[in-house]
Amino acid sequence: MSPEKMAMMANQIATFFKTQPGSDQAQRVADHLNDFWEPRMRQQLAAHVEAGGDGLDPLVKEAFALVRVPAE
Amino acid sequence: MKDFIIPWDTDADLGTPAREGKPVTLTIDGVEVTVPEHTSVMRAAMLAGLKIPKLCATDSVEAFGSCRLCVVEIEGRRGTPASCTTPVAPGMKVHTQSAKVKKIRKGVMELYISDHPLDCLTCAANGDCELQDMAGMVGLRDVRYESGQNHFDPTGTGALSKADADRRDGPGNFRYIAKDESNPYFTYDPSKCIVCSRCVRACEEVQGTFALTIEGRGFDSRVSAGAASDNFLSSDCVSCGACVQACPTATLQEKSIWELGTPERSVVTTCAYCGVGCSFKAELNGDDLVRMVPWKHGKANRGHSCVKGRFAYGYASHKDRILNPMIRDTIDEPWREVSWDEALSFAADRLKGIQQKHGRRSIGVITSSRCTNEETYLVQKLARGVFMNNNTDTCARVCHSPTGYGLGQTFGTSAGTQDFDSVEHTDVVIVIGANPTDGHPVFASRLKKRLRQGAKLIVIDPRRIDLVKSAHIRAAHHLPLRPGTNVAVVSGLAHVIVTEKLYDEAFIRERCDWDEFQEYAEFISDPRHSPEAIEDMTGVPAVEMRDAARLFAQGGNGAIYYGLGVTEHSQGSTTVMGIANLAMLTGNIGRQGVGVNPLRGQNNVQGSCDMGSFPHELPGYRHVKMPEVRKIFEDAWGVEIDPEPGLRIPNMLDAAVNGSFKGLYCQGEDILQSDPDTKHVAAGLAAMDCVIVHDLFLNETANYAHVFLPGSSFLEKNGTFTNAERRINMVRKVMAPKNGYEDWEVTQKLAQAMGADWNYGHPSEIMAEIAATTPSFANVTYEMLDEKGSVQWPCNDANPDGTPLMHVDGFVRGKGRFIVTEYVATEERTGPCFPLLLTTGRILSQYNVGAQTRRTENTAWHPEDILEIHASDAENRGVKDGDWIKLASRSGETTLRAQISDRMMPGVVYTTFHHPDTQANVITTDFSDWATNCPEYKVTAVQVLPSNGPTDWQEEYNAQAAKSRRILPAAE
Ligand code: SF4
Ligand code: SF4
Ligand code: SF4
Ligand code: FES
């Protein structure tokens, strides 16, 4: 998957949870990524964040701290 | 109430429709009978086992009282009333066999027969003709009208009695009307018509198309389809078969009966096309399928059908079917036919090799929404229990995955809330992003029946679909929204309901989370959601939107039916939540006539989702991360289950292009044609080392396959399908699999070749495993389904008879949740290069990628995909009706023919995706729903330009396809 496409998908998720009431948006974005993104997609996200996280919504970056990135 | 229990397997025609009401007791021929009030005397008699002769009455339509064959005498009443039109009354004493009525009946019969050809022995309806039966029943022995006028074929074909031959007028009988054979599936032979008008009433009352009329008067009257110049094919007739079913004679008759004779045995089974899940009787001689007849006790269809299920089954015996397994090393080689063992060990070796080299998660499966629950269950089990990963997905990804997510979040369960019968109690219906008359025809007929009784309709769709305006149906409101603005429109409706205080506070307080409601109410009350504020963006007049919202909130029982026009968007899941909000706001959940009802595309979309096809959840919608759920399956299967979610179809293709996903077992799906952005799908498939296609035909995906495993049709297997109402219907084998194995056997063989110890002997054993592991199926067994006919899940100790209505006393998740639904415009926008919006859909006669229906006579109605375009858009581009045009988006381009259509608004064009030559999905993009990756099929920015032939891509594609389909003859 191209980095742009991945960033767009992650940002779409952030865009939804940003509109939700409450203060746990980052947690909910991370939960969504943990629940629906296969490990290698999360790995790709991790690599992208480490490389500066170009194009990622700030909420995605914030949520990333809570994303489980499987080693394998 | 002393009631007659009708055993569910009696198919007898009781003459007039059932009624509900207080019990009434009367006496017929000395037998005491109790029936609901308003029941006809005829039906009461039939229920008591006393048959009254009849011709113009049949229990699928209201009585008409025209033939007078059914007359009876009633003590204390004068004359001889028709029993079909006379309602029962308490204490009534009826005589059905008095000398007087017998004489009348004989006279009536004699008159009918005087204008009916008597070539009975060579007639297609021989043995299945009510006119014959009635002549026998009334004891007709003589026809005294000698050479009167008649409508006979002057050439007199068939075996005629002498009397009959004498009555032919010789050449030039001006009353004779030739047989209409225009419909591919049935004929209309006016010379055999007794003008009982059963067909006309069936077309009106059952189907709701109003294609037929009785033309002419008295002796000259005949049935006519459409205008005088029309035949059945050119008329409005949609070939549903209701008239054929209703016709008592050979006048309207299946062509298959002409060809094959009357069937001797029948098996009740379930249609394998759409999510309505109609029950049919497959009627056969031996294993020769003669016809499919809708089963009157089918609870989804109540005796009705559409052209697909009723007639379009010929694909199952089409010459294109592949019956032998085939393999090849690379996709540029021709196919080699091999034995099952060789094909399976070839496949297993490759898959195992890939896993050794690229890891456990480098292969996966796609389950089929066309296969049975049992087959789907096995395919996901193959991924989880044999491949040891969660890389399983299904075509529901590309249609109703947002339904799963959205309804799961709001109500706590991923399914429609009602049964189809519920529509009979509804007062206001919203149809949004669905086109039921084409996509879900039998449901549409039931909906239209309710609309004709006075229920109101609100249509939310960019196109003016048929329901907006058709025979005796007018939508109260049509909100023609711009594609992609669903969330805005649904929120606009909610805004009106909340700000005008039209919501059902008592319901919300009792059933929903009140705090969440208040947050939601504050959000939705913001003026930015008002119909006036969004009018420009959505294209929906604010007044119309307000009126629609008021009608829905105040019009009584409100039901929402939606389809892929809701889900296949960037905000598909959000719209589903918005729909759930609307239902909760108005208190329209938990009883008859209301609810939220996703109309499922394929026959077993519901079932394939229920069976754990999604990569994040095990059967019964339970996330793989939950150890207690994994444990159930780990214990049952004796393996350890991966706790991480697997790849969804688009992710599989991305991973394939990246080189980390190398092998795929794809059962009964054609992702190359059905999934968006064809070029990307093709690139993903081409990058894999082992693609196994398990299908009836060499479909488009098979162009990239290394192993082809022949599949079996729904006529050749046992199992169950689950329809859009959560109804589990039996699929019964009516003939042996032409390819040798039912599909579940093939999956089992592949698992065995991979080393698994699977030993199912019958699908009922698979169902037993499903029931043991999945709480909503806990009490489902084949015995129960045989006995009850069908059952709606959840079916367990708490709901032993199943669950027709969900969320009756509370939501499955406890309190219903209002979720804030902010509109976010899709990234897919029009611009100077691509100024139009394309939306896609389907039509009645074709099904999905068309692999089945294109191999039937249904092509008579839809030989190619057509682009519908508004006149002004066409004119600006110099495009005329019928011209070839080029349709281009940023993904690709294709050519097809244009049709100027006033169903479209300017700026929006529409096409179907039934034909591989067009490949509408070359155009669609890889944008998808934020929550589920369900592709955004319904919005693509495009340009339309005149063209004179196929694009280079189409030519290349066809060349590749032709090359890829070569098959070497089997080695001797
Ligand atoms: S096939 Fe259906 S639509 Fe056509 S005339 Fe008969 S009842 Fe009407
Ligand atoms: S076509 Fe059949 S159903 Fe219709 S009026 Fe004639 S006999 Fe009756
Ligand atoms: S395609 Fe759908 S509506 Fe038509 S017969 Fe089959 S299940 Fe029924
Ligand atoms: S059946 Fe009653 S009048 Fe024809």
Peptides B:102-108, B:278-284, B:572-578: what's the order by average Cβ count within 10 Å, highest mean first?
B:572-578, B:278-284, B:102-108
Could you check the simple spin-label distance between B:Glu62 and B:Glu955, using points 7 Å along Cα→Cβ, in nm with one decimal?
6.1 nm
With every protein chain in place, region B:7-97: carbon and sulfur % of accessible area (1.4 Å)
52 percent
Over all residues in A:16-23, what is the mean tally of Cβ atoms on other chains that come within 10 Å of each residue's Cβ?
5
Among the trypsin sites (Lys or Arg not before Pro) within region B:498-583, which fall in a DSSP loop and have no more than 14 other Cβ atoms within 10 Å of their own Cβ?
B:Lys501
Neighbour cut-off at most 12 other Cβ (10 Å), DSSP loop, GluC sites (Glu not before Pro), region B:567-653:
B:Glu640
Output the 0 to 90 degree angle, nearest 10, between the alpha-carbon long axis of helix B:514-525 and the longest principal axis computed from the alpha carbons of chain B.
90 degrees
Accessible area expressed per residue, region B:7-97, with surrounding protein chains retained (probe 1.4 Å, Å²)
43 Å²
Just in region B:244-276: which GluC sites (Glu not before Pro) are loop by DSSP and have at most 15 other Cβ atoms within 10 Å?
B:Glu264
Let me make sure I get this right: for region B:836-964, a, b and c are the square roots of the gyration tensor eigenvalues over alpha carbons, sorted descending. Under 1.5 in a/c it's rounded, otherwise prolate if a/b > b/c, else oblate. Which is it?
rounded
Quick one: which of B:Lys679/B:Lys749; B:Lys308/B:Lys733; B:Lys281/B:Lys733; B:Lys308/B:Lys717; B:Lys717/B:Lys963; B:Lys296/B:Lys738 span more than 23 angstrom between C-alpha atoms?
B:Lys679/B:Lys749; B:Lys717/B:Lys963; B:Lys296/B:Lys738
Using mean Cβ contacts within 10 Å as the protection proxy, how do B:593-605, A:23-35, B:13-25, B:651-663 order, highest first?
B:593-605, B:651-663, A:23-35, B:13-25
Kirkwood Rh and Cα Rg combined as Rg/Rh, the protein assembly as shown
0.98
Within straight cross-link reach of B:Lys100, meaning Cα distance under 18 Å, which lysines are found once same-chain residues fewer than 8 apart are removed?
B:Lys51, B:Lys54
Most positive-pole-ward Cα, B:Leu284, B:Tyr313, B:Gly612, against dipole of chain B from beta carbon charges:
B:Leu284
Number of partner chain Cβ atoms within 10 Å, mean per residue of A:37-45
6
Using modelled amide H (1.01 Å from N, peptide plane; none on Pro or chain starts), what sits under 5 Å from the amide H of A:Asp57, excluding residues fewer than 5 places away?
A:Asn11
What are the ³J(HN,Hα) values, in whole Hz, obtained from phi via the Karplus relation 6.51 cos²θ - 1.76 cosθ + 1.60 with θ = phi - 60°, for each residue of region B:16-24 in sequence order, with x given for Gly and Pro?
9, x, 5, 10, 10, x, 5, x, 10
Placed amide H near B:Thr940: partners under 5 Å, 5+ positions off or other chain
B:Leu838
Applied in sequence order to region B:359-367, the curve 6.51 cos²θ - 1.76 cosθ + 1.60 (Karplus, θ = phi - 60°) yields integer Hz couplings, x standing for Gly and Pro, of x, 4, 8, 8, 9, x, 9, 10, 8
Can you give the average number of partner chain beta-carbon atoms within 10 Å of each beta-carbon in peptide A:6-15, as a whole number?
4
Other-chain or far-sequence residues with amide H under 5 Å of B:Leu252's (modelled H)
B:Asp189
Cross-link candidates for B:Lys22: which aspartates and glutamates have Cα within less than 17 Å, leaving aside residues fewer than 8 places away along the same chain?
B:Asp3, B:Glu32, B:Glu37
For the modelled label position 7 Å from the Cα of B:Asp29 along Cα-to-Cβ, which residues of region B:98-138 have backbone nitrogen atoms closer than 13 Å?
B:98-99, B:102, B:137-138
Need one number: nm distance between label points at B:Asp515 and B:Asp801, each 7 Å from Cα along Cα→Cβ, rounded to one decimal.
4.0 nm
To the nearest 10 degrees, the tilt of helix B:542-554 (Cα long axis) against the first principal axis of the alpha carbons of chain B is 70 degrees
Nearest 10 degrees, 0 to 90: what angle lies between the long axis of helix A:3-18 and the longest principal axis of chain A (Cα atoms)?
20 degrees
In terms of the alpha carbon gyration tensor, root eigenvalues a ≥ b ≥ c, rounded if a/c is under 1.5 and otherwise prolate when a/b exceeds b/c or oblate, region A:3-64 is prolate
Using only the Cα atoms of chain B, construct the convex hull and provide its projected area averaged over every direction, in square nanometres to one decimal.
41.5 nm²
Estimated distance in nm for a label pair at A:Gln20 and B:Glu522, the labels positioned 7 Å out from Cα along Cα-to-Cβ:
1.8 nm
Per residue Cα convex hull volume for region B:527-575, in cubic angstrom?
102 Å³
For region B:247-324: rounded, prolate or oblate by the Cα gyration tensor [a/c cutoff 1.5]:
oblate
Cross-link candidates for B:Lys179: which lysines have Cα within less than 17 Å, leaving aside residues fewer than 8 places away along the same chain?
B:Lys192, B:Lys255
Under the Karplus relation 6.51 cos²θ - 1.76 cosθ + 1.60, θ = phi - 60°, what is the ordered set of whole-Hz ³J(HN,Hα) values for region B:864-873, x standing for Gly and Pro?
7, 6, 10, 9, 8, 9, 6, 4, 5, 4
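The values are calculated or read from the model by the stated rules, or taken from the named source; none is laboratory data. Nothing here was measured: the structure is a model prediction, and the numbers come from that model. Every residue, glycine among them, receives a Cβ derived from its backbone with ideal geometry; neighbour counts consider all protein chains shown. Accessible surface areas use protein heavy atoms only, side chains included; no ligands, DNA or RNA. Shrake-Rupley method; radii C 1.70, N 1.55, O 1.52, S 1.80 Å.
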